[in-house]
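Everything below concerns the one structure shown next.
The values are calculated or read from the model by the stated rules, or taken from the named source; none is laboratory data. Note that the structure is predicted; figures quoted are calculated from it, not measured. Backbone-built Cβ (ideal geometry, glycine too); neighbour counts: all protein chains shown.
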Amino acid sequence: MKILITGGAGFIGSAVVRAAVARGHAVVNLDALTYAACLDNVASVADSPLYAFEHADIRDRAALDRIFAAHAPDAVMHLAAESHVDRSIDGPGDFVETNITGTYNMLEAARSYWVGQGKPESFRFHHISTDEVFGSLPPDPEVKFTEDTPYDPRSPYSASKAASDHLVRAWHETYGLPVVLTNCSNNYGPFHFPEKLIPVIILNALAGKPLPIYGDGSNVRDWLYVEDHAEALLIALERGQIGRSYNIGGDNERTNLELVRALCAILDEKRPKPEGSYADQITFVADRPGHDARYAIDATRIREELGWTPSVTVEEGLERTVDWYLANEDWWRALQGRKGVGERLGRGKAG
Ligand code: NAD
């Protein structure tokens, strides 16, 4: 299959690009190379005959039409987005333009191309979204997000992703475009941009800086190793039912405080401080406005219908992630210098 992947120079998109090429798919990586992108993330496949790169912005409809015509993809995996909740609070405009208008442009370019091809049923437009569209859950462990949970987004980021999900469903219902949607919980792993919670904690710990935790650290997130997410996405693309959405999650609920303590324990083992623990650097900071209390995913549908289960436990995944950051200092040092990254240390997204 030839897949047009948007946002393939970002954190999750690059994992999808690497996994898709490994499965033998041809990939066209379309990315605007914003502050969050890094082409080194796909260096391992850049020389493959299966890989091509298009530097383009999803807000530019003419560029999208040209790319569809030039590459004639069999499927689209749409990941390009502004993804950082704290940036969406400071400046929501980019989130509206990229996540909503950009998705509208992708849908229209895909529809026009699909119609031009004679509406092949085998075509797929796979929209990659977040569990944050469902809002915030109570502490009751029995209550999780299912595919039928009503949308209740509470940040500019999640509202823009909810809007894009609605557009994708509407393009299926109205125009018959063969779509699949997925909504995933918080990802972590290699190549995670150094303004997100887990890299911030690892890198601040190593630098002897405070380890910032919002509020009292009781907010709960459901963590999934990024390579497990990439695998789930390819399975949903290949085998998901048209018009259906699938929740993806790892059943790994942790409070932010538990997560940070686990990272400190791993670092204490791997890079012991002369005295004390990295946990001594934990610092509670003013909470994010509208901070959702708990996210948790019920992934029964993708497990039972498509046979996907995560392969990496959170303990293994966190250890692999710490090892990766310890071994890839050049990668993260280069990104730490980018615009706005340092400004939000201490207000890092819990995800
Ligand atoms: P990211 O910020 O790491 O990467 C986003 C990529 O999109 C970057 O390479 C960037 O250059 C590109 N991009 C941004 N604006 C663009 C534009 N206008 N035109 C073309 N390219 C553009 O994001 P991520 O964490 O990898 O998330 C990828 C997708 O997965 C997003 O749609 C996000 O909503 C979704 N998602 C993320 C998580 C998570 O935990 N990070 C969880 C569930 C879903």
| query | Of the residues Tyr278, Tyr246, which single one is under 30 Å from Asp74 (Cα atoms), modelled with pLDDT of 95 or more and surrounded by 21 or more Cβ atoms within 10 Å (Cβ to Cβ)? | reply | Tyr246
| task | Mind listing just one residue for me: the one in region 128-180 that is of a type in the set (Asp, Glu) and within 15 Å of the ligand (Cβ to nearest atom) and, of those, surrounded by the fewest Cβ atoms within 10 Å (Cβ to Cβ)? | result | Glu147
| query | Among the strands (runs of 3 or more DSSP E) contained in region 199-258, which hold 1 or more residues that are over 25 Å from Gln336 (Cα atoms)? | reply | 220-225, 245-248, 253-255
| Which one of these does Val322 not meet: (1) of a type outside the set (Gly, Ala, Ser); (2) within 21 Å of the chain's Cα centre (by Cα); (3) surrounded by fewer than 15 Cβ atoms within 10 Å (Cβ to Cβ)? | (3)
| request: Taking only region 181-223 into account, find how many residues are surrounded by fewer than 20 Cβ atoms within 10 Å (Cβ to Cβ) and in contact with a His (Cβ under 9 Å, 6 or more places away or on another chain). | output: 1
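Here's the yes/no breakdown for (1) in contact with a helix residue (DSSP H, G or I) (Cβ under 9 Å, 6 or more places away or on another chain); (2) more than 26 Å from Thr149 (Cα to Cα); (3) of a type outside the set (Lys, Arg); (4) assigned to a loop (DSSP other than H, G, I, E, B):
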| position | (1), (2), (3), (4) |
| --- | --- |
| Cys264 | yes, yes, yes, no |
| Asp268 | yes, yes, yes, no |
| Pro274 | no, yes, yes, yes |
| Asp280 | yes, yes, yes, no |
| Thr309 | yes, no, yes, yes |
| Asp323 | yes, yes, yes, no |
| said: Exactly one condition in (1) touching a helix residue (DSSP H, G or I) at 6+ places or on another chain (Cβ under 8 Å); (2) more than 27 Å from Ser88 (Cα to Cα) is false for Gly116; which is it? | reply: (1)
| Here are Leu39, Leu30, Leu50, Leu79: which of them is more than 8 Å from the ligand (Cβ to nearest atom) and closer than 22 Å to Leu237 by Cα? | Leu50
